Amino acid sequence: MTNSVLSSFDLTDRVAIITGGAGLLGRKHAEAVAELGGIPCLLDLDAIRAADAAKDLEATHGCQTFSIGVDITNPDAITAVRDAILTRFGRIDILINNAANNPKMESTDGANWSRFEDFPLQIWQDDISVGLTGAMLCAKIFGTHMAQKDGGVILNIASDLGVIAPDQRIYRNEGESAETQSVKPVTYSVVKAGLIGLTRYLATYWPDKGVRANALAPGGVYNGQDDAFVERLTNLIPMGRMADKDEYKAAVAFMISDASSYMNGTTLSIDGGRTVW
């Protein structure tokens, strides 16, 4: 018998790991899991924020949760988290690779470290380590378990800036010289494009084991940004606005559930049309 459309979204008792789970979108990904009956497991470097987010989910959705502070650049720490989740729930079904560094773009002392000419090697290494290496390690450790058991889904959270280059004009500050203007750091684009490459690799690595991998490439989200910046960015978006923080939840629900059972290796752009222009 063919499943109904609604039943294909059901995540009852499925265990979903969300890295960067205490962040703005990490919490929303977890809500999508909880609303469909799943068990969100929030991993974050900040254990207190992760625990608070898990408590909020339990209070609002009545779901089971798991939270822990973990450095996803440490494979031993990830392995320990895997074992803890399996001890508690007995399964891992979904991995959402959401964690990333996103340092502020600030000019100091007449210089700006975000500019490519002055970009610090240490920040490059740190950003790649968390956003890309961390995603690879989580996919390796959690994905291997999925492949050895009943399959699962890996969803990598990329960005529209993993598909197109940043328009550095929208980050300019009036009155600053060209040499000190803020820019979107090189690591953001490299990490997000790398996640799309990782997605394609994983999609062809374990399909015979029932493990699918896809990427979501969201656009910008309203989060208290400066009005001038918002105006410059929205002028690049055909729909004329940024996303509200809840607008990606349904897409995440689709991509991690059986509703997308024949979707593998795809990058889904949801950006108000920005990547079309």
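The values are calculated or read from the model by the stated rules, or taken from the named source; none is laboratory data. Just so we're clear, the structure is a prediction, and the values are computed from it rather than from any experiment. Positions of Cβ are generated from backbone atoms using ideal geometry, with glycine treated the same way; all protein chains shown enter the neighbour counts. Only protein heavy atoms, including side chains, enter the accessible area calculation; ligands, DNA and RNA are left aside. Shrake-Rupley method; radii C 1.70, N 1.55, O 1.52, S 1.80 Å.
Using Cα positions and a limit of under 22 Å, work out the lysines in reach of Lys140, with same-chain residues fewer than 8 apart set aside.
Within the straight-line cut-off, Lys140 pairs with Lys149, Lys192, Lys209.
Figure the gain on full extension for Thr12 and Ser177 (residue separation times 0.36 nm, minus the Cα-Cα span) and round it to one decimal in nm.
The Thr12-Ser177 span can extend by a further 53.9 nm.
So between Val230 and Leu121, what do we pick up on full extension, going 0.36 nm a residue minus the alpha carbon distance?
36.3 nm
Can you give the percent of C-alpha pairs in the stretch 198-242 whose distance is more than 18 Å? Working shown, then result.
Numbers: 499 of 990 pairs.
Percentage above 18 Å: 50.
Select from the stretch 242-277 those trypsin sites (Lys or Arg not before Pro) which occupy a DSSP coil region and have at most 15 other Cβ atoms within 10 Å, ordered by residue number.
The qualifying sites are Lys245.
Leaving out same-chain residues fewer than 8 places away, which lysines sit with a Cα under 16 Å from that of Lys249?
Output for Lys249: Lys28.
I need the helices of the chain that pass two filters: whole DSSP H segments spanning 18 Å or more by Cα along the axis, and mean Kyte-Doolittle score no lower than 0.5.
134-148, 186-205
So what is the 222 nm mean residue ellipticity for the chain from helices alone, if each DSSP H run of at least 4 adds -39500 (n - 2.57) and you divide by all residues, rounding to the nearest 500 deg cm²/dmol?
Counting only the DSSP helices, I get -11500 deg cm²/dmol.
Taking the dipole about the Cα centre of the chain, with the C-beta of Lys and Arg at +1 and of Asp and Glu at -1, give me whichever of Leu86, Ala158, Thr234 is farthest to the positive side.
Leu86
Over the chain, with a single point scatterer placed on each C-alpha, what log10 of the ratio I(q)/I(0) does the Debye formula yield at q = 0.08, 0.11 1/Å?
-0.33, -0.63
Rounding to the nearest 20 debye, state how big the charge dipole of the stretch 124-179 is about its Cα centre with +1 on each Lys and Arg Cβ and -1 on each Asp and Glu Cβ.
400
State the three equivalent ellipsoid semi-axes of the stretch 147-226, derived from the C-alpha gyration tensor as the square roots of 5 times its eigenvalues, in descending order and whole Å.
The three semi-axes for the stretch 147-226 are 36, 12, 8 Å.
Using the Cα centre as the reference, give the magnitude of the dipole from point charges on the C-beta atoms of the chain (Lys, Arg: +1; Asp, Glu: -1; all else neutral), rounded to the nearest 20 debye.
780
Could you tell me what percent of the accessible area of the stretch 1-88 is made up of carbon and sulfur, with a 1.4 Å probe and every protein chain present?
Percent of accessible area from carbon and sulfur atoms in the stretch 1-88: 53.
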